[in-house]
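No value in this document is a laboratory result; all are computed from the given coordinates. This one's a predicted model, so the numbers in the text were calculated from it and none came from an experiment. Note: ideal-geometry Cβ built from the backbone for every residue, glycine included; neighbour counts use all protein chains shown.
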Amino acid sequence: MQEAMIKRAKELLADGSVKRVIGWKRGEFAYDITPAVFESAEELDKDFVFDDFTSANVSKYLVKESKKEGKVLVFLKPCDTYSLNQLTKEHRVDRDNIYVIGIPGGPKLDIEKIKAKGITGILSVKNDNYTLKIDTLYGEETMPFSEAILDKCASCKSKKHVTYDELIGEDGDVLDSDRFDMVEKLENMTAQERYDFWREQLSKCIRCNACRNVCPACTCEKCVFDNPNSGVENKAASDSFEENMFHIIRAFHVAGRCTDCGECSRVCPQNIPLHLLNRKFIKDINSLYGEYQAGADTTSRAPLTDYTADDCEASIVHERGAE
Amino acid sequence: MLKISLSRLEELFAAIAEKQTLYIPSDRADGAAEFTKWEPGKALTQKLNTLRSAKDFFFPQTENIVDFKMEGKNIQVIDQRSEHEDFVIFGVRPCDARSFTILDKVFLSEPVDSFYKNRRDHGTVVTMACSRPAETCFCGTFGIDATEPEGDAACWSDGEDLFIKANNDKGQAFIDSISSLLEEGDTAKLDQVKAKTKEILSRLPLANLSTAAFGGDTLNEHFNSEKWAELSESCLGCGTCTFVCPTCQCYDIKDFNTGNGIKRFRCWDSCMYSDFTKMAHGNPRTSQLERFRQRFMHKLVYFPANNNGEFGCVGCGRCLSKCPISMNIVKVMKALEVK
Ligand code: SF4
Ligand code: SF4
Ligand code: SF4
Ligand code: SF4
Ligand code: SF4
């Protein structure tokens with residue numbers, strides 16, 4: 001796959017169809033891949049990589065890159081295409097200045113899950129027929145591929161590319177995923193249990209903003225939490241209330257726009273399952289306003305910014321909050 | 001050297017905790033290691049290092065520094081300082097132990113930061129030598145020997161026993177306070193463990209990373225490098241690298257209006273943020289390139305320029321594993337050192 005991608009990128013650069021290519025760049029180790037912009041065949045040959053660790057969703061970089069002169073080629077996995085559609089819908093990118101090649105999705109690997117097995121000194125990771133052979137400073141280790149799958153891939157919602165200009169490989173279908181299972185579990189808890197669950201998680205937050213900054217739905221030029229004139233700017237939570245509210249407010253702000261790409265939880269250095277907040281909103285929107293998938297298209301009206309006579313009444317909050 | 005059997009660790013911890021608050025790195029529910037207050041039954045982690053650094057003990061992420069209360073036309077100023085209780089941090093890794101030396105240079109030089117000093121005076125740092133370094137470790141680049149830790153007192157494990165030695169008076173006082181549990185032990189096996197660790201350290205992927213191309217006199221060359229554009233291109237401007245870093249020392253001071261007074265607090269800041277060092281006219285670094293450059297110039301050029309050549313990184317590798325886009329000081333060093 002990597003070879004085919006490099007070959008196609010070189011062709012499009014050579015015939016002038018695109019000026020730049022967004023993809024992933026090889027790192028120091030087997031897994032530390034950096035999203036990057038490539039401008040020449042030499043750069044592509046040297047560093048372009050596509051493998052089990054290229055999980056980063058690069059669509060947000062299009063906000064900046066699509067505004068530059070000349071077309072930009074971007075390789076998008078199915079989940080990433082939803083993000084691009086949503087950005088297009090919100091007029092955050094110039095879709096006409098983007099050439100999308102749809103590529104197959106994961107499952108991608110999570111190096112943290114490999115390290116969690118006590119495997120350290122990792123020199124290389126090879127996928128040998130769904131057994132990972134890991135060469136380390138302390139000898140060779142093996143573990144099943146399935147146990148190292150990134151969480152966002154484990155509950156993949158779709159293998160379908162919702163926007164592309166060409167495809168490498170086959171397109172897939174929208175999947176029946178188990179992505180709401182944990183949300184249901186949380187819903188079935190008592191209010192106290194649920195509160196305790198979130199306190200344990202959110203109290204770990206160091207307010208590094210990685211979740212916000214990686215999020216393709218968070219593209220405000222200046223986030224209110226960074227704006228000294230907003231009155232709510234803060235670099236650290238002063239108490240547990242603020243610790244909770246930063247995340248809850250952020251989840252509200254991306255409600256109906258979050259495509260569930262899973263990047264927030266993937267990058268959180270404190271392993272906070274932020275995607276569960278977003279999935280709760282998605283699930284509620286589905287049940288209160290009818291099935292809706294953000295990013296599935298670029299034209300439909302989003303339930304929370306649209307009005308229909310069938311919309312649920314505000315009293316729903318009381319009814320549901322009763323238990 | 002003095003030692004105690006590893007099977008008696010719980011006893012040792014109990015003896016320490018009887019006199020002072022004891023913090024040890026232990027596993028939390030999500031599997032990551034974190035410094036936590038020891039209580040009976042809490043076990044030492046098997047992980048190499050804690051996810052967050054140990055700097056919080058001396059330089060917490062937030063702290064209130066002074067309160068103001070308005071009473072008519074009078075403003076009452078309430079000093080928040082109080083004497084800190086004595087505490088022990090056990091199991092600090094050699095890289096993190098060195099980070100305290102770096103923070104000391106900032107906070108203990110004139111004018112002395114009394115909040116930091118208060119905690120430093122009351123804290124005893126007991127370090128633990130490494131025997132299973134990770135691929136992301138590069139403490140050796142900064143002259144740190146992971147088999148000979150600094151700190152007030154240092155510990156080693158040979159798999160059976162825990163050996164302990166004082167590095168200064170505070171460390172000696174600590175050892176004296178637990179001496180009834182310790183006995184003289186033979187270090188033959190420990191010497192083998194150390195030799196083996198040294199051999200692994202020499203084979204680490206980053207073992208040859210060198211600071212030769214950096215230092216206080218390399219400012220213009222690096223500041224003007226055209227490589228910053230590419231290096232900073234995909235940086236998200238989050239603060240993860242600075243917040244997990246044991247040596248990052250920047251803070252912001254702000255006033256919080258409580259409705260009937262003001263709480264002045266300080267909290268960690270990050271040079272990656274858009275309002276870092278914001279002055280009346282704005283942030284002097286208007287682009288992410290400049291902010292990104294600041295982080296690495298500070299650690300590799302400005303800090304050594306002001307601190308007799310000491311670099312502002314200890315090679316702990318936290319930023320290597322936690323940056324969401326896997327961009328870090330090692331990649332920057334490798335890119336910049338090539339002329
Ligand atoms: S990435 Fe994690 S630690 Fe950082 S601000 Fe978000 S939730 Fe908090
Ligand atoms: S280098 Fe990485 S961790 Fe640091 S601000 Fe940039 S993206 Fe965030
Ligand atoms: S810059 Fe990175 S490796 Fe160096 S001390 Fe900070 S977190 Fe550790
Ligand atoms: S300037 Fe940046 S790199 Fe240096 S200590 Fe401050 S936050 Fe850390
Ligand atoms: S960087 Fe060095 S001292 Fe720190 S944990 Fe790794 S081997 Fe130990």
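Going through (1) more than 17 Å from residue A:30 (Cβ to Cβ); (2) free of Cβ contacts under 8 Å to residues at least 24 places away in the same chain one by one, residue A:137 falls short only on (1).
Just so you know, in the range B:301-339 the residues that are assigned to a loop (DSSP other than H, G, I, E, B), more than 16 Å from ligand 5 (Cβ to nearest atom) and among the β-branched types (Val, Ile, Thr) include one that is nearest to the other protein chains (Cβ to nearest Cβ), and it is B:325. Here the condition is being within 11 Å of chain B (Cβ to nearest Cβ) and polar (S, T, N, Q); of A:81, A:34, A:88, it holds for A:34 alone. Condition (residue is among the hydrophobic types (A, V, I, L, M, F, W, C) and either within 16 Å of ligand 1 (Cβ to nearest atom) or touching a strand residue (DSSP E or B) at 6+ places or on another chain (Cβ under 7 Å) (or both)) applied to the range B:217-231: is it met by at least one residue? No.
Where helices (runs of 4 or more DSSP H) sit wholly within the range B:217-300, those with at least 3 residues that are of a type in the set (Lys, Arg) and within 16 Å of ligand 3 (Cβ to nearest atom) occupy B:288-297.
For the range A:208-253, the set of residues classified as outside any loop (DSSP other than H, G, I, E, B), within 8 Å of chain B (Cβ to nearest Cβ) and polar (S, T, N, Q) consists of A:213 only.
Conditions (1) away from chain A (no Cβ under 14 Å); (2) in a loop (DSSP other than H, G, I, E, B), marked per residue:
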residue	(1), (2)
B:132	no, yes
B:137	no, yes
B:141	no, no
B:147	yes, yes
B:156	yes, no
B:159	yes, yes
B:165	yes, no
B:175	yes, no
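Screening B:263, B:299, B:254 for residues that are within 16 Å of ligand 2 (Cβ to nearest atom) and not acidic (Asp, Glu) leaves exactly one candidate, B:299. Of the strands (runs of 3 or more DSSP E) lying entirely inside the range B:40-129, those containing at least 1 residues that are within 30 Å of residue B:145 (Cβ to Cβ) are B:87-92, B:123-128.
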